[in-house]
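Quick notes on the structure that follows.
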Amino acid sequence: MKPDRNEKKQKPIFTNRVILRNGKIGKDACKILADALEAVNPYSATYEQIVLQNQNLIIGHTNFNLEEIKRVFLIGFGKAAVPMAKAVIDILGSLIFQAAVITKGPKFLDENGYKNKLKVYLGSHPIPSENSVKSTKLLLNSLPELTEKDLVLVVISGGGSALFTDPVHGVTLKDIQQLTQILLKSGANINEINTLRKHLDQVKGGRLAEKLQPAQVTTLILSDVIGDRLDIIASGPTVIDPTTYQDAIDVLERYDVLNEVPVSIFEYLKNGCAGNFPETLKPESLPAGKVSNHIIGTNFHAAKAAFDSANSLGYNAILFTTAVTGLTDHVSEFIEGITLTALKYHFPVSKPACIIFGGEPTVIVQGGGLGGRNMDLALKMVPKITDYENILFISFATDGEDGPTDAAGAVADGLMFREGQEKFGLDIETYITNNDSYHYHEIMGSLIKTGATGSNVNDLMLLMIGDTS
């Protein structure tokens, strides 16, 4: 009998004042988002990838003969590390010699000792902390000397880059923290940020796979990266890395922040370019067949589930793209254009419509307010859909955490712009300029607060247009 894949967890609540006042389309939007999250439930996604058949252990598309395996180790890191690890333990049971993960959120400490196997460590995200470094060292130091007869099963999910951290010698954690803050505020995307992380850390860019040799290594990955590039997710700790030290320097030059980053970082990267430090994992670094990596859940899976859910509820649904990126200013203009076309010409779909987007926009932080990319995008949509009836726009982080806040995202409808002005006396441009989307949405009752969802596959955006005819 298979275990309960819902983990007896309470389902996230998406509703708020603005969603409620939109009646049917608000209620349906909540159902669509819930179905999207369930499709990327990390426990289920992991469970479905592992099969035991006699003396064969099949993980993803890789087959292991258990007669040739002496010990199986389980390690992991990321916001979904605990449910992923529990799925592995539920299937393999006594075959697991030792299990340890690093995650975010004290609530996961309740799972410490799960089935007398799992050790849970905590770290921080999006900025790594002393706890991140300490937990990384404890996890790695807990492993005995590995042999060719050992199998290390790694579970990775979003947030892994900050949670699993061990800076290179000569670069301090404080340096990494400062660099991360600079890059997040600059508008750099995750590919660019992780290119730097990979070259400034002892466990990223394939270096974990090297540390685990001569064992077999296989990794199950829940993707939080547009395009699902294995070398970018959690900074690719078990993946061959195509980037170089020069690529890392190029990112700093592209965003004109060379003079802002700590001197130790620039000096380390220059020395790496000169060949004084080893590069990240390259194709020739390990024998063939020693490492395998498997994607088990993506933003597309969530968006496709949203599409199916919307169709089942009677909407003319379209999954427009799962590659939304770029600044929220540009993304909001892009979505505005689609909205106006749908309203005027009933294209690409007619009412009632649900247009679905996935991806991860970015924000350049210039003000001193509070917010995140989803709240910022929803804020910028407010004036663009003003006075339109029966329309709802939602931008939502699937991990339940949008920026350094307790919100997962926010919603906008056609009433908010005038209501903000006339009822609350709000100047929306002031909130936009000050990067203070959180407090605008807080006043308007349009924040979405789900708490940590246990998953993490980028962001989802829904454009709901009700049938007013």
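For this structure, a couple of remarks:
- With respect to the chain, whose longest principal axis is taken over its alpha-carbon atoms, helix 245-254 is tilted by about 20°.
- The residues neighbouring LEU426, those whose beta-carbon lies less than 13 Å from its own, together hold a net charge of -4 under the Lys/Arg +1, Asp/Glu -1 convention.
- Subtracting the Cα-Cα distance of THR341 and LEU109 from their residue separation scaled by 0.36 nm leaves 78.6 nm.
- Per DSSP, loop chymotrypsin sites (Phe, Trp or Tyr not before Pro) in the range 414-469 with at most 11 further Cβ within 10 Å: PHE424
- The range 119-213: GluC sites (Glu not before Pro) in DSSP loop, at most 13 other beta carbons within 10 Å: GLU145, GLU148
- Peptides 297-305, 101-109 ordered by average Cβ neighbours within 10 Å, highest first: 297-305, 101-109
- Separation of the ASN276 and ASP427 label points, Cα + 7 Å toward Cβ, nm: 5.2
- For the chain, adding -39500 (n - 2.57) for each run of n ≥ 4 DSSP H residues and dividing by the number of residues yields -10500 deg cm²/dmol at 222 nm.
- For Rg and Dmax of the Cα atoms in Å, the value calculated from this model appears in (i) 22.7, 73; (ii) 24.8, 78; (iii) 26.8, 92 under label (i).
- If you take the Cα centroid of the range 66-96 and the Cα centroid of the range 130-187, the two points sit 19 Å apart.
- Unsatisfied cross-links (Cα-Cα over 23 Å) in the set LYS79/LYS384; LYS134/LYS198; LYS115/LYS211; LYS174/LYS198: LYS79/LYS384; LYS115/LYS211
- Sequence ranges 235-247, 374-386, 308-320, ranked by mean other-Cβ count within 10 angstrom, highest first: 374-386, 235-247, 308-320
- Protection proxy ranking of 170-178, 327-335 - average other beta-carbon atoms within 10 Å, highest first: 327-335, 170-178
Laboratory data are not the source of any read-out in this text; all were calculated from the coordinates shown. Owing to the predicted nature of the structure, the values given are computational and were not obtained by experimental measurement. Virtual Cβ from ideal backbone geometry, glycine too; neighbours counted across all protein chains shown.
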